[in-house]
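Scroll down for the structure; my scribbles are underneath it.
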Amino acid sequence: MEEKKLLKNLNGQQTDQVPFWFMRQAGRYLPEYRELRQQAGDFLDLVYNPDLASEVTLQPIRRFGMDGAILFSDILVIPQALGQKLDFIQGEGPKLDPIRDREALNGLNFNNFETVLSPIYETISQVAQKLQQESFNHVSFIGFAGSPWTVACYMIEGSGSKNFSKVKNFAETHPDDFEFLIQILCDATTQYLKKQIQSGVEIVQLFDSWAGLLNAKEFDRWVIKPTRKIVDGVREEYTDFPIIGFPRLADKNYISYLKSIKINALGIDYSVEIDWVDQNLPRNIPLQGNLDPEILLRGGKEMEMSAIAILEKFSDRPFIFNLGHGVIKETPVENVENLCKTIRNFRR
Ligand code: 1CP
């Protein structure tokens, strides 16, 4: 049986070759993705179609042979499963009916939660099966969810935003209502992740894309505490289950995040200097990151050298190579191919 390098590093062991996968490795930069996306119609139709979503999950693995396959879905299925209206508008991104008062909060419910999410569990079973059938024995299967703060950002703002000022204002002026929402999201996310695990994922990653908007005190209340609650909740049933935390742009708060939450690996974004990371984050905790997706977009020698600098800097600790955020849709496939080669050829 071929070893799963990704799982090994998550469990604190180093491997000669560094395992890798890329956030948004399935997506619009791939022609085969664009084709299936067109077949499905809407983005959400693709997410809730297990036959197609399982294919999309496997597309980058077949092409590049990454060590991790990430479930093709979205963090916003949770608000939708709780009864909030969600659409993806072509060229604009997600649109939700914003929640800005107690009445709207009281409308959230678990009545159809598992029914809405059941196609995603079916996708997971299909991916697990296909990975076996196609003998991808080196590949670890990664499930995911958004962390409550980031999901709440979209639920209150109603769309993407640069600074989510309405959300920050709501949390400041209605802390009890905001806390109520965060607790619903903790329960929903814990239940959802346990079901993903039951359906066949081997790792889960918690995406907190907007963690960087908070000061240290807010970060403790809205990022650390809820994330810890979810991690502890999952591990109550699945002791030692591998969990990766990714509080994007957390900067110095990465230190408190690591101290307070027992994750297996910390995802670091493109904004942190690798020297700072090397000097300030404990050596025994596996890291994952952090090539700037803009550098991947440009490709060439700069990309190779940046990737090697990262690989060398973290060669003396358990490490998973990734980007510092998702693949940009204009990225040439050839650049991704070259990056895979560079990582594969590197030896610790
Ligand atoms: O048109 C299309 O085909 C939609 C583009 C797209 C894709 C490919 C969206 C819309 N979501 C996804 C898939 C997705 N989303 C994955 C799949 C697995 C993989 O990585 O390959 C994952 C893990 C996510 C997670 C996600 N969705 C996050 C967290 C990570 C991050 O990027 O910061 C967030 C914030 C979202 C919301 C979302 N979904 C889609 C878009 C365009 C956005 C961002 C909206 C915004 O803030 O502007």
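The values are calculated or read from the model by the stated rules, or taken from the named source; none is laboratory data. Here the structure is a predicted model, which is why all the values come from computation and not from measurement. Ideal geometry is used to build each Cβ from the backbone, glycine not excepted, and the neighbour counts take in all protein chains shown. What goes into the accessible areas is simple: the full protein's heavy atoms, side chains included, and nothing from ligands, DNA or RNA. Shrake-Rupley method; radii C 1.70, N 1.55, O 1.52, S 1.80 Å.
Here are some notes:
- In the range 1-37, the residues that are open to solvent by 50 Å² or more (accessible area, probe 1.4 Å) and near the ligand (Cβ under 10 Å from one of its atoms): ARG24, ARG28, ARG34
- Some residue of the range 171-193 being within 16 Å of the ligand (Cβ to nearest atom), open to solvent by 10 Å² or more (accessible area, probe 1.4 Å), closer than 26 Å to PHE246 by Cα and modelled with pLDDT of 95 or more: no
- Residue pairs whose Cβ atoms lie under 8 Å apart, sitting 6 or more positions apart in sequence or on different chains, and linking a residue in the range 267-284 that is of a type in the set (Phe, Trp, Tyr) to a partner that is part of a loop (DSSP other than H, G, I, E, B), are TYR270/ASP292; TYR270/GLY324; TYR270/HIS325.
- Test: residue in the range 46-60 that is touching a strand residue (DSSP E or B) at 6+ places or on another chain (Cβ under 6 Å) and within 10 Å of the ligand (Cβ to nearest atom): yes
- Restricting attention to the range 194-205, the residues being part of a helix (DSSP H, G or I) and open to solvent by 40 Å² or more (accessible area, probe 1.4 Å) number 3.
- Entirely in the range 91-193, the helices (runs of 4 or more DSSP H) that have 3 or more residues that are of a type outside the set (S, T, N, Q) and more than 20 Å from the chain's Cα centre (by Cα): 102-107, 113-133, 165-173
- The listed residues are VAL77, VAL56, and the only one of them that is farther than 25 Å from GLU294 by Cβ and surrounded by 16 or more Cβ atoms within 10 Å (Cβ to Cβ) turns out to be VAL77.
- Any hit, the range 325-335, residues being open to solvent by less than 60 Å² (accessible area, probe 1.4 Å) and in a strand (DSSP E or B): no
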